[in-house]
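The values are calculated or read from the model by the stated rules, or taken from the named source; none is laboratory data. Computed from a prediction, not measured in an experiment: that's the story for all the values here. Cβ: placed from backbone, ideal geometry, glycine included. Neighbour counts: every protein chain shown. Heavy atoms of the whole protein, side chains included, go into the accessibility calculation; ligands, DNA and RNA do not. Shrake-Rupley method; radii C 1.70, N 1.55, O 1.52, S 1.80 Å.
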Amino acid sequence: MEALPYVTFDSNMLIAVRNNEQGTANENDKKTAALTRELLGFNRAGVITVSVTRTSLLELTYGGRMSPQELTDWLMGLGIARENIDRGPRHLNQGLALNHRLQEILSPSIPFHLDEYISQECKKRGITDARLEAMNEMYLDNIYPSYIPPSADAPRNRPTPYLDALEESDKEDLFKFYKRLKKEWRRGKWDSLALYEHITNAVDTPHPEYSIFVTNDLADFIKEGKLEAIRACGFPGKILSPEDAIDFIRGTINSLPDSASSSREGGHDG
């Protein structure tokens, strides 16, 4: 494995590039897109290795933005190697504990599991008894769609007695609420999962201290002591804004290990 700085982009950076290409970018997107392309220039020049996490793929295809194949083709067109796309987490000792801890640090209001979040939010809104059971039926049907009946005489579809007993208007309201909770929970998981995937891959590189998680939402990762807490988990790399990542890479090119330093400053994408 080459001793190149291992760099992961927050998905919002790639979304900004996509928006800019499609003519829907705002001024902030345009600035982020330009900085992202400069970092991609370093990747094409062999100065860094850019990766895209599995979580970013989910976020970039969420809501039908792109199909998985369209997204992969687009990322490869940006110069990201196929083997560095869909980088899921590597299995580590205490990996699950790290995943849980990052969730607590970055999104403390979002429980680790969706059913916990549903129970938490239903309690806040006074949704109890039969309506809570109906929400749980929605969750089971959504998360575990493959239902195996207990016998040949059992119903072929998962029974939902509490949901079936509701008036259509109540049922519709609960469906909307469930979809909203699932969307909120998923968004609350994305940051911690993307960082988890980055860390578990970065620590397997020859020089994890050179690894960089690049985000244009830096405050979400460093405010209120979050960075210190992440460091306490054993993370040796950096979490930087695009501007700071560019400066860091330029400043360390000549001090990188031999296999990376040969590319020098050819990565600037003018």
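How many of the residues making up region 174-207 are of a type in the set (A, V, I, L, M) and open to solvent by 20 Å² or more (accessible area, probe 1.4 Å)? Lay out the reasoning, then the answer.
Of region 174-207, the ones of a type in the set (A, V, I, L, M) are 174, 181, 193-195, 199, 202-203.
Okay, now just the ones that are also open to solvent by 20 Å² or more (accessible area, probe 1.4 Å), so 193, 203.
The qualifying residues number 2.
Any idea which of Thr55, Thr8 is modelled with pLDDT under 95, among the β-branched types (Val, Ile, Thr) and either buried (at least 20 other Cβ atoms within 10 Å of the Cβ) or not in a helix (DSSP H, G or I) (or both)? Explain how you work it out, then say what you get.
Working: Thr8 fails: modelled with pLDDT under 95.
Criteria check complete, one pass: Thr55.
Can you tell me which residue in region 57-86 is nearest to Phe213 (Cα to Cα), limited to those that are in contact with a strand residue (DSSP E or B) (Cβ under 7 Å, 6 or more places away or on another chain) and touching a residue at least 40 places away in the same chain (Cβ under 8 Å)?
Ile80
Which of the residues belonging to region 87-111 are open to solvent by less than 30 Å² (accessible area, probe 1.4 Å), closer than 21 Å to Gly234 by Cα and in a loop (DSSP other than H, G, I, E, B)?
Residues satisfying the conditions are Gly88, Ser107.
Within region 121-135, can you find the residues that are open to solvent by 50 Å² or more (accessible area, probe 1.4 Å) and either of a type in the set (A, V, I, L, M, F, W, C) or outside any loop (DSSP other than H, G, I, E, B) (or both)?
Those that are open to solvent by 50 Å² or more (accessible area, probe 1.4 Å) and either of a type in the set (A, V, I, L, M, F, W, C) or outside any loop (DSSP other than H, G, I, E, B) (or both): Lys123, Lys124, Asp129, Arg131, Glu133.
Assess whether Asn216 counts as being out of contact with any Cys (no Cβ under 7 Å at 6 or more places or on another chain), polar (S, T, N, Q) and either open to solvent by 40 Å² or more (accessible area, probe 1.4 Å) or free of Cβ contacts under 8 Å to residues at least 12 places away in the same chain (or both). Steps first, answer last, please.
Numbers: out of contact with any Cys (no Cβ under 7 Å at 6 or more places or on another chain): yes; polar (S, T, N, Q): yes; either open to solvent by 40 Å² or more (accessible area, probe 1.4 Å) or free of Cβ contacts under 8 Å to residues at least 12 places away in the same chain (or both): yes.
Yes, satisfied.
Working only within region 53-98, note down all residues that are on the phi > 0 side of the Ramachandran plot and more than 17 Å from the chain's Cα centre (by Cα).
Taking region 53-98 as the starting set, the residues that turn out to be on the phi > 0 side of the Ramachandran plot are 63-64, 79, 86, 94.
Selection gives Gly79, Gln94.
Here's a check for you: in region 143-168, which residue that is in a helix (DSSP H, G or I) and open to solvent by 60 Å² or more (accessible area, probe 1.4 Å) is nearest to Asp129 (Cα to Cα)? Even if it seems obvious, please write down each step before you answer.
Within region 143-168, the subset in a helix (DSSP H, G or I) is 143, 161-164, 168.
In the following step, the residues that additionally are open to solvent by 60 Å² or more (accessible area, probe 1.4 Å) were identified as 143, 161-162, 164, 168.
Working: Ile143: 21, Pro161: 13, Tyr162: 9, Asp164: 14, Glu168: 18 Å.
So, considering only residues that are in a helix (DSSP H, G or I) and open to solvent by 60 Å² or more (accessible area, probe 1.4 Å), the one nearest to Asp129 (Cα to Cα) is Tyr162.
Here are some conditions: (1) within 20 Å of the chain's Cα centre (by Cα); (2) modelled with pLDDT of 95 or more. Ala34 meets all but one. Which one does it not meet?
(1)
Which condition breaks for Phe175 when tested against (1) in contact with a Phe, Trp or Tyr (Cβ under 8 Å, 6 or more places away or on another chain); (2) at pLDDT 95 or above; (3) assigned to a helix (DSSP H, G or I); (4) not hydroxyl-bearing (Ser, Thr, Tyr)?
Tallying (1) in contact with a Phe, Trp or Tyr (Cβ under 8 Å, 6 or more places away or on another chain); (2) at pLDDT 95 or above; (3) assigned to a helix (DSSP H, G or I); (4) not hydroxyl-bearing (Ser, Thr, Tyr), Phe175 fails exactly one: (1).
Please determine, by comparing only the residues of region 223-254 that are open to solvent by 70 Å² or more (accessible area, probe 1.4 Å) and either of a type in the set (A, V, I, L, M) or more than 27 Å from the chain's Cα centre (by Cα) (or both), which one is modelled with the highest pLDDT.
Ala232
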